[in-house]
Amino acid sequence: MGIDETSPGVEGTRAAGASFRLGETDFATPEQLGEGLAEHWHEGLAAFERGDLERWAREELRDEELADA
């Protein structure tokens, strides 16, 4: 699906487990990711445009409501 699971330096990709990487930081929960998006908004915007955030919520968190928000 175009998401590299662990490649370093790739912004807005999933890391091991269900965490989501922005910059050099992995975020394990939607709340943590929300805080991270404020700090890494350029990477977050790119991840949003690629559909990575929706895919993370749907496939890793299994949260259809969040994915559809």
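The values are calculated or read from the model by the stated rules, or taken from the named source; none is laboratory data. All values derive from a computational prediction rather than experimental measurement. We work out accessible area using only protein heavy atoms, side chains counted, and drop any ligands, DNA or RNA first. Shrake-Rupley method; radii C 1.70, N 1.55, O 1.52, S 1.80 Å.
For E31, the solvent-accessible surface computed with a 1.4 Å probe is close to 130 Å², ligands and nucleic acids excluded. What the phi angles of the range 26-40 give under the Karplus curve with 6.51, -1.76 and 1.60, with θ = phi - 60°, is a coupling list of 9, 10, 8, 10, x, 5, 5, 4, x, 5, x, 5, 5, 7, 10 Hz, glycine and proline written as x. For L37, the accessible surface of its heavy atoms amounts to roughly 50 Å² (probe 1.4 Å, protein chains only, rounded to the nearest 10). Ordered by 1.4 Å accessible area with all protein chains kept, E65, E59 run largest first as E65, E59.
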